[in-house]
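In what follows, a structure is listed as structure tokens, so that the remarks can point back to it.
The values are calculated or read from the model by the stated rules, or taken from the named source; none is laboratory data. The model shown is predicted, which means the values in this text are computed figures rather than measured ones. Every residue, glycine as well, gets a Cβ built from its backbone with ideal geometry; the counts of neighbours run over all protein chains shown. The accessibility values were calculated without ligands, DNA or RNA, using every heavy atom of the protein model including side chains. Shrake-Rupley method; radii C 1.70, N 1.55, O 1.52, S 1.80 Å.
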Amino acid sequence: MMASRDTIVVVGVGARTPLGFDASSSAAAVRAGISAIQNHPYMIDRFGEPMKVTRDIGIDVALAGAERAVEIAVSPAQDALRPLMASTRPTEVSLILSAGEARPGQPKGFAAQVNTKLRSRLSQKVVLEGGGSTAGGHAGGLLAIYHACKTLREGKAQFCLAGGVDTYLEPETLEWLDENEQLHSEGNIYGFCPGEAAGFCLLTKLTTAGAYGLKPLLEIVGVSTASEENRIKTEAVVLGEGLGAAFRFLFEDAPVDPVDRIICDMNGERYRGNEYGFAVLRNPGRFKDAADFETPADCWGDVGAASGPLFVSLVAEAETRGYQTGPLSLIWASSENGARAATLLGGPRRST
């Protein structure tokens, strides 16, 4: 399949996770099934056991709030920008950033704070113009990619840096998760292990990549968003309407080939598994094997808004190193606020 001049491609990725400080080491650890899940140094859950978390061991345990999130985000953002920074042509980049949803331990306005501080750190290396931030939750990083694609298609920017950063490790946040029975433990097997991470993708049109001499890593075949009314932590029963709609919107303009690879933010909570099952039933015939999906949260923990861009880096690494299972990958994520987002990725062979 030949790519059109308006095709949007990924030309840079960056990742920092509890498994590794860059995209290649994080991807290698996930591929090997290595788990970063460990006991929290001092937080105890309601069963009297140490809380199970994943954390970035390269960041001072005492660093908190927006400063901690920015410290996690800086190096992967710079990694994603590196191919462009090597170019001699001066250019502006639009930064679109997502953080976790407002919650105890993460005050309102947190995403905007992180955005301001991160821009300040990155502006020493690159000219940032436009974009913005959102407290998007789990789907946030994919929503950032969605808005980046829209910005590029509308000609409002030549390059977009889309990313997500999240950290659940504030004590107040961990206590809130415990009270909501969301923490994974021997006494609560359907909870999740909270973590922290950041992921970024540098996006541009295929023609712009060519003009700058940048090599496409992946093609964005499609992006979609939708909303789920029957949300987690309510009495409502989820029937996959929101996620099913996100898949349907994605497949409407996509190649007819079935999806080869599926990576998602399922984290052990029953709700998410039920939601996916119904969403697949609403989109028959679009998957080679819908039961063969990958859940990196098993390895690096639940990393919230960072999930989507980190999934992009996993696919990019697989393409670069030659172990990608097929040309079409589906990545998706679900926020507690009802936001649903999905992206179809194609190998660079589609962009020739």
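Overview of results
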{"read-out": "For ARG153, solvent-accessible area (1.4 Å; no DNA, RNA or ligand), Å²", "value": "130 Å²"}
{"read-out": "Solvent-accessible surface (1.4 angstrom probe) belonging to THR208, in square angstrom, nearest 10", "value": "20 Å²"}
{"read-out": "Antiparallel bridges, percent of DSSP beta bridges restricted to region 1-145 (to nearest 5)", "value": "45 percent"}
{"read-out": "Estimated dipole of the chain in Debye, rounded to 20 [Cβ of Lys and Arg +1, of Asp and Glu -1, Cα centre]", "value": "1420 debye"}
{"read-out": "The chain: most fluctuating residue of GLY191, GLY199, GLY136 per GNM, C-alpha cutoff 10 Å", "value": "GLY191"}
{"read-out": "Karplus-derived 3J(HN,Hα), 6.51/-1.76/1.60, for each residue of region 14-27, Hz, glycine and proline x", "value": "x, 9, 9, 9, x, 9, x, 8, 8, 5, 5, 6, 5, 5"}
{"read-out": "Estimated vicinal HN-Hα couplings, Hz - region 86-103 in sequence order (Karplus 6.51, -1.76, 1.60; Gly, Pro = x)", "value": "6, 6, 7, 7, x, 7, 9, 10, 8, 9, 10, 10, 10, 10, x, 5, 4, 6"}
{"read-out": "Cα-based shape type of region 163-307, given that a ≥ b ≥ c are square roots of the gyration tensor eigenvalues and the cut on a/c is 1.5", "value": "oblate"}
{"read-out": "Rg over Rh [alpha-carbon atoms, Kirkwood Rh] for region 94-133", "value": "1.03"}
{"read-out": "Dipole magnitude (debye, nearest 20) for region 61-139, charges at Cβ of Lys, Arg, Asp, Glu", "value": "80 debye"}
{"read-out": "Size of electric dipole in region 82-234: Cβ of Lys, Arg +1 and of Asp, Glu -1, about Cα centre, debye, nearest 20", "value": "1140 debye"}
{"read-out": "Where the chain is the region considered: accessible area per residue in Å², 1.4 Å probe", "value": "40 Å²"}
{"read-out": "Choice from PRO83, PRO41, PRO327 showing the highest fluctuation, given a GNM over the chain with Cα pairs closer than 10 Å", "value": "PRO41"}
{"read-out": "Candidates ASP60, ASP22, ASP260: whichever shows maximal mean-square fluctuation once the chain is modelled as a Gaussian network with Cα springs under 10 Å", "value": "ASP60"}
{"read-out": "Top positive-direction residue, dipole computed over region 261-314 with Cβ charges, set ASN283, PRO309, ASN267", "value": "ASN283"}
{"read-out": "Cβ-derived FRET efficiency at R0 25 Å, ARG82 paired with ALA32, nearest 0.05", "value": "0.50"}
{"read-out": "Percent accessible area from carbon and sulfur atoms, region 76-219, protein chains only, probe 1.4 Å", "value": "48 percent"}
{"read-out": "Calculated Rg/Rh (Cα atoms, Kirkwood Rh) (choose from [x] 1.02; [y] 0.95; [z] 1.39), label", "value": "[y]"}
{"read-out": "Reach of LYS233 by Cα under 24 Å, taken over lysines that are not fewer than 8 positions away in the same chain", "value": "LYS52, LYS108"}
{"read-out": "Relative packing of 9-20, 275-286, which averages over residues the other C-beta atoms within 10 Å, highest first", "value": "9-20, 275-286"}
{"read-out": "Estimated distance in nm for a label pair at LYS108 and TYR42, the labels positioned 7 Å out from Cα along Cα-to-Cβ", "value": "3.1 nm"}
{"read-out": "3J(HN,Hα) from dihedral phi, region 201-213, Karplus parametrisation 6.51/-1.76/1.60, rounded to Hz, x for glycine, proline", "value": "10, 9, 10, 7, 6, 4, 5, 5, 4, x, 5, 9, x"}
{"read-out": "Translational diffusion of region 1-75, µm² s⁻¹ [Kirkwood Rh, Cα pairs; Stokes-Einstein; 25 °C; 0.890 mPa s]", "value": "161 µm²/s"}
{"read-out": "DSSP bridge pairs, the chain: antiparallel proportion in percent, nearest 5", "value": "65 percent"}
{"read-out": "Helical contribution to [θ] at 222 nm, DSSP H n ≥ 4, -39,500 (n - 2.57), averaged over the chain, rounded to 500", "value": "-10000 deg cm²/dmol"}
{"read-out": "Alpha-carbon centroids, region 177-226 and region 27-64: separation in whole Å", "value": "19 Å"}
{"read-out": "Simple spin-label estimate for ILE189 and VAL237 in nanometres, 7 Å along Cα-Cβ", "value": "2.4 nm"}
{"read-out": "Where only C-alpha atoms are counted, convex hull volume of region 70-162 per residue in Å³", "value": "91 Å³"}
{"read-out": "Under-5 Å amide H pairs with GLY222, H placed in peptide plane, nonlocal only", "value": "LEU344"}
